[in-house]
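Let me begin by presenting the structure, written as structure tokens, before commenting on it.
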Amino acid sequence: MNILVTGGAGFIGSNFVRWLKKNAPEHRVVNVDALTYAGNLENLSDIPQDEGYRFVRADIRDRAKMNEIFFENDITHVVNFAAESHVDRSIVDPELFLSTNVLGTQALLDTAKQQWKLAPEDKYSRAFREGVKFLQVSTDEVYGALGKEGFFTEATPLAPNSPYSAAKASADLVCRAYHETFGMPLNITRCSNNYGPYQFPEKLIPLMIHNCMEGKPLPVYGDGMQIRDWLHVDDHCSALYAVLTRGAAGEVYNIGGNNERANLDIVRLIIRSLGAGDELISYVKDRPGHDRRYAIDNTKITTQLGWSPSYTFEEGIQQTIAWYQNHMEWLEHVLSGAYADYYERMYAPFFQ
Ligand code: NAD
Ligand code: DAU
């Protein structure tokens with residue numbers, strides 16, 4: 001496979017590139033990332049650029065560039081991670097989220113359709129090149145919020161509550177339409193909250209680990225009793241590979257590890273693990289439109305594709321805390337913005 005990974009300098013995308021290099025090195029990977037504030041090439045500093053891996057700085061909304069990349073690399077598979085991903089930022093700037101997450105996805109779909117359709121000018125033809133696939137990496141947030149009971153299944157109606165999740169849900173619907181109308185071979189995955197190495201410290205777990213290490217207040221939104229269903233990023237990566245290689249065309253797959261936790265319990269676990277005290281907890285004003293509970297029913301992917309998570313939360317969170325403790329320099333670069341210079345230092349010679 002010649003895999004186009006978009007957003008591969010972000011948290012999950014960089015973990016996915018590394019996962020591929022370790023577990024399926026026979027595939028060629030082209031990583032396209034615009035390097036927004038969330039894209040950090042230091043996340044990939046251990047992956048050499050060679051025959052099997054290439055990085056290109058580009059925006060997924062740039063159709064001419066996407067066409068060129070597809071053509072030059074004979075792309076057969078797309079895994080679309082590229083997105084604005086932080087709910088709190090979407091409350092401040094919804095338009096950017098719609099532009100990147102919806103129109104960016106559509107630009108990629110159009111590129112794939114143009115390159116993979118056997119008769120691209122024939123609107124009635126649904127024939128695509130053999131063996132190609134578009135994988136849209138979506139989120140459980142498209143389903144909205146649960147009460148105390150129940151789980152999200154793939155049949156749960158979409159009811160997004162934030163500009164971020166509305167944009168992701170919109171992209172899912174565009175993908176669905178490209179499958180129904182054009183016959184585009186694709187899958188959509190909807191995963192629960194990820195944690196693990198290289199997550200930008202604006203998200204709950206790395207933010208709390210960092211603040212706790214620094215003895216700073218730990219900002220808990222509202223009463224802290226919101227529930228998320230946490231999955232280690234490596235388990236998300238193995239699930240994505242299972243869907244990419246074995247998912248039935250047009251299907252949606254939920255991904256989750258049956259691991260519901262209240263935010264406050266996670267914060268307390270981090271505090272205990274780092275030997276700090278509960279006095280660091282600081283209750284702050286709640287996030288507007290804050291979803292109360294997410295929980296994934298993973299029956300479809302476990303029974304149909306044989307996937308299951310390998311990490312327990314207890315081992316995954318301790319590994320993650322240790323990773324941040326051992327990567328203080330990475331954290332400092334992210335927090336100071338110094339990582340933005342990395343591209344110039346490391347990549348400028350390639351482009352002269
Ligand atoms: P992230 O914010 O860490 O990474 C996003 C990456 O996309 C960054 O490298 C950024 O530079 C890049 N990007 C943004 N706009 C771009 C554009 N216009 N063109 C090219 N690249 C662009 O996000 P993440 O947490 O790694 O999430 C990756 C994907 O997984 C997202 O689509 C997100 O919706 C989805 N997802 C995330 C989680 C989670 O818990 N983090 C869970 C389920 C699904
Ligand atoms: O469910 C999947 C989603 O998980 C992904 O689609 C998103 O891209 C990803 O960002 C994540 O969204 P959340 O909003 O759930 O993640 P976040 O880390 O921002 O918040 C997790 C919970 O912690 C949520 O209930 C809000 C709360 N929180 C978060 C922060 C940053 C706090 O209480 N304090 C904080 O400072």
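Miscellaneous remarks
- Counted residue by residue at 0.36 nm each, then reduced by the alpha carbon distance between them, the extension gain from His290 to Arg246 reaches 12.4 nm.
- For the range 6-52, the fraction of 1.4 Å probe accessible surface lying on carbon and sulfur atoms is 53 percent.
- Less than 5 angstrom separates the built amide H of Tyr283 from those of Val220, all sequence-distant by 5 or more or on a different chain.
- The chain: proportion of alpha-carbon pairs further apart than 39 angstrom, %: 12 percent
- In the chain, the calculated helix contribution to ellipticity at 222 nm averages -12000 deg cm²/dmol per residue, counting -39,500 (n - 2.57) for every DSSP H run with n ≥ 4.
- As a fraction of the 1.4 Å probe accessible area of the range 136-243, surface on carbon and sulfur atoms comes out at 57 percent.
- For the pair Glu26 and Ser336, the difference between a 0.36 nm per residue extended length and the Cα-Cα distance amounts to 107.9 nm.
- If the segment from Met328 to Val56 were pulled out straight at 0.36 nm per residue, it would be longer than the present Cα-Cα gap by 95.2 nm.
- Backbone HN-Hα couplings from phi across the range 259-266 [Karplus 6.51/-1.76/1.60, Hz, Gly and Pro as x]: 9, 7, 9, 6, 3, 4, 5, 5
- About its Cα centre, the chain has a charge dipole of approximately 580 debye under the convention of +1 per Lys or Arg Cβ and -1 per Asp or Glu Cβ, with nothing else charged.
- Ratio of Rg to Rh over the range 19-126 (Cα coordinates, Kirkwood Rh, two decimals): 1.00
- Springs between Cα atoms under 10 Å define the GNM used for the chain, and in it the highest mean-square fluctuation of Ala340, Ala155, Ala249 occurs at Ala155.
- Compactness ratio for the range 1-68: Cα radius of gyration over 2.2 N^0.38 Å (N = residue count) comes to 1.04.
- Averaged over its residues, the chain has an accessible area of 42 Å² per residue, based on protein heavy atoms and a 1.4 Å probe.
- Partner lysines for Lys117 [C-alpha distance under 26 Å; skip if fewer than 8 residues away on the same chain]: Lys65, Lys133, Lys168
- Straight-distance crosslink candidates among aspartates and glutamates, where the alpha carbon sits under 17 Å from Lys123 and sequence neighbours closer than 8 are dropped: Asp110, Glu180
- Rounded to 10°, Cα long-axis angle of helix 233-246 versus longest principal axis of the chain: 20 degrees
- Fluctuation leader among Lys168, Lys216, Lys21 - the chain, Gaussian network, Cα springs under 10 angstrom: Lys216
- Kirkwood Rh (inverse of mean 1/r, distinct Cα pairs), the range 80-188, angstrom: 14.9 Å
- 23 Å Cα-Cα reach of Lys285 towards lysines, excluding residues that sit fewer than 8 places from it in its own chain: Lys148, Lys203, Lys216
- Between Ile266, Leu231, Thr299, the Cα set farthest toward the positive side of the dipole of the range 224-342 (charges on each charged residue's Cβ, about the Cα centre) is that of Thr299.
- Debye intensity ratio in log₁₀ form over the Cα atoms of the range 159-270, taken at each q of 0.11, 0.21 Å⁻¹: -0.48, -1.22
The values are calculated or read from the model by the stated rules, or taken from the named source; none is laboratory data. These numbers were taken from a predicted model, which means no experiment stands behind them. Cβ: placed from backbone, ideal geometry, glycine included. Neighbour counts: every protein chain shown. When the accessible area is computed, the model is the full protein with side chains, heavy atoms only, and any ligands, DNA or RNA have been set aside. Shrake-Rupley method; radii C 1.70, N 1.55, O 1.52, S 1.80 Å.
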